[in-house]
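> Dropping the structure in here first, questions after.
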Amino acid sequence: MVAPPDNDVLWARGLHHTHGCTTALTGVSLGVREGEILAVTGPRGSGKTTLLKCLSGQLTPTEGEVWFNSSPVHTLSSPSRERLRLDRFGWIDTEPQLVPELTAWENAALPLLLRGTGQRSAKHTAMEWLDRLDVGMCARRRPAQLDQSQRQRIAVARALASNPQVLFADEPTAPLHLSDGTQLLRTLTTAARSHQITVVLATHDPEIATIADRTVCLVDGRRSGAAPSDAEDDDAESRAACSLSV
């Protein structure tokens, strides 16, 4: 077993994953440095979502290793991985996954409440992020009363309210119009910079990837171009992999 680099908050080596008879990842290795925004690009079906789920502990890779802060994620029990996701990770899905019975502020505050944060403090934090994402006026409404853009911004507020160390965003602008998506990305990147949040962003849009510090491209479940040895991420190689200037 190879020890991960000290300056990588996330590190993966030789990840393989299959869904039934379908291979989603084949030998993917990468490192994510603390505080950086890493874009994972590639066409639809290239394995981006599977990679993010393996890195965040939602899926256990068929083969390979995932490390967070020099601790192995791939060997953790299911309850330990759930606790890690609650305490240290945030997740923004392609479609907003909100609890229909809860109001907007309750949805945004949910990770804090599950951690044991008092309701007043959790609500205050949730309201701050709802206001920053221009959905504070929706705080007492339930998801069914909101449009898609509002629901997605509430999902982003929920992910940021918990002040995660790593935020995973899987095509977060997919359900949004251009102007709404631009605002969401601006808020997301500003929050990441100011709060030193590491972001792993999956997107098939090269324009969205330009907000990132670095880019990794997947094609058919593999890293495009020659993969770095022992999961070392060379900036120039990562940029060249998808012919993007970031």
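The values are calculated or read from the model by the stated rules, or taken from the named source; none is laboratory data. Quantities reported herein were computed from a predicted structural model and do not represent experimental measurements. Note that each Cβ is placed from the backbone with ideal geometry, even for glycine, and that neighbours are counted across all protein chains shown.
> May I ask you to say which residue of Ala144, Ala122 is assigned to a helix (DSSP H, G or I), at pLDDT 95 or above, crowded, with 20+ Cβ neighbours inside 10 Å and not polar (S, T, N, Q)? Even if it seems obvious, please write down each step before you answer.
Working: Ala144 fails: crowded, with 20+ Cβ neighbours inside 10 Å.
After applying the criteria, what remains is Ala122.
> For the stretch 90-147, which residues satisfy the criterion of being within 24 Å of Thr189 (Cβ to Cβ), of a type in the set (D, E, K, R) and out of contact with any Leu (no Cβ under 9 Å at 6 or more places or on another chain)?
Asp93, Glu95, Glu128, Asp131, Asp134, Asp147
> Just to be sure, is Glu95 assigned to a helix (DSSP H, G or I), among the charged types (D, E, K, R) and out of contact with any His (no Cβ under 6 Å at 6 or more places or on another chain)?
Numbers: assigned to a helix (DSSP H, G or I): no; among the charged types (D, E, K, R): yes; out of contact with any His (no Cβ under 6 Å at 6 or more places or on another chain): yes.
In short, no.
> Mind checking whether some residue in the stretch 149-166 is closer than 25 Å to Lys48 by Cβ, aliphatic (A, V, I, L, M) and in a loop (DSSP other than H, G, I, E, B)?
no
> Are any residues in the stretch 8-50 small (Gly, Ala, Ser), modelled with pLDDT of 90 or more, closer than 24 Å to Thr94 by Cβ and surrounded by fewer than 23 Cβ atoms within 10 Å (Cβ to Cβ), and if so, which ones?
Of everything in the stretch 8-50, just one residue is small (Gly, Ala, Ser), modelled with pLDDT of 90 or more, closer than 24 Å to Thr94 by Cβ and surrounded by fewer than 23 Cβ atoms within 10 Å (Cβ to Cβ), namely Ser46.
> Now for a separate question. I need the full set of residues from the stretch 185-207 which are modelled with pLDDT under 90 and over 14 Å from the mean Cα position of the chain (by Cα), in order please.
Within the stretch 185-207, Arg186, Thr187, His204, Asp205, Pro206, Glu207 meet the criteria.
> Restricted to the stretch 51-71, and to residues that are part of a loop (DSSP other than H, G, I, E, B) and buried (at least 23 other Cβ atoms within 10 Å of the Cβ), which residue is farthest from the chain's Cα centre (by Cα)? Even if it seems obvious, please write down each step before you answer.
Applying the first criterion (part of a loop (DSSP other than H, G, I, E, B)) to the stretch 51-71 yields 56-62, 69-70.
Imposing the further condition that a residue be buried (at least 23 other Cβ atoms within 10 Å of the Cβ) reduces the set to 56, 61.
Numbers: Ser56: 8, Pro61: 17 Å.
By that ranking, first place goes to Pro61.
> Evaluate the stretch 72-83: report whether one residue or more is free of Cβ contacts under 8 Å to residues at least 12 places away in the same chain, part of a loop (DSSP other than H, G, I, E, B), touching a strand residue (DSSP E or B) at 6+ places or on another chain (Cβ under 9 Å) and under 30 Å from Ser29 (Cβ atoms).
yes
> Further question: Scanning for something modelled with pLDDT under 95, of a type in the set (Ser, Thr, Tyr) and either assigned to a loop (DSSP other than H, G, I, E, B) or crowded, with 17+ Cβ neighbours inside 10 Å (or both), does the stretch 231-243 turn up at least one residue?
yes
> Which residue pairs have Cβ atoms closer than 8 Å, lie 6 or more positions apart in sequence or on different chains, and pair a first residue in the stretch 166-181 that is within 16 Å of Ala192 (Cβ to Cβ) with a second residue that is of a type in the set (S, T, N, Q) and part of a strand (DSSP E or B)?
Between residues of the stretch 166-181 that are within 16 Å of Ala192 (Cβ to Cβ) and residues that are of a type in the set (S, T, N, Q) and part of a strand (DSSP E or B), the close pairs are Val166/Thr198; Leu167/Thr198; Thr173/Thr203.
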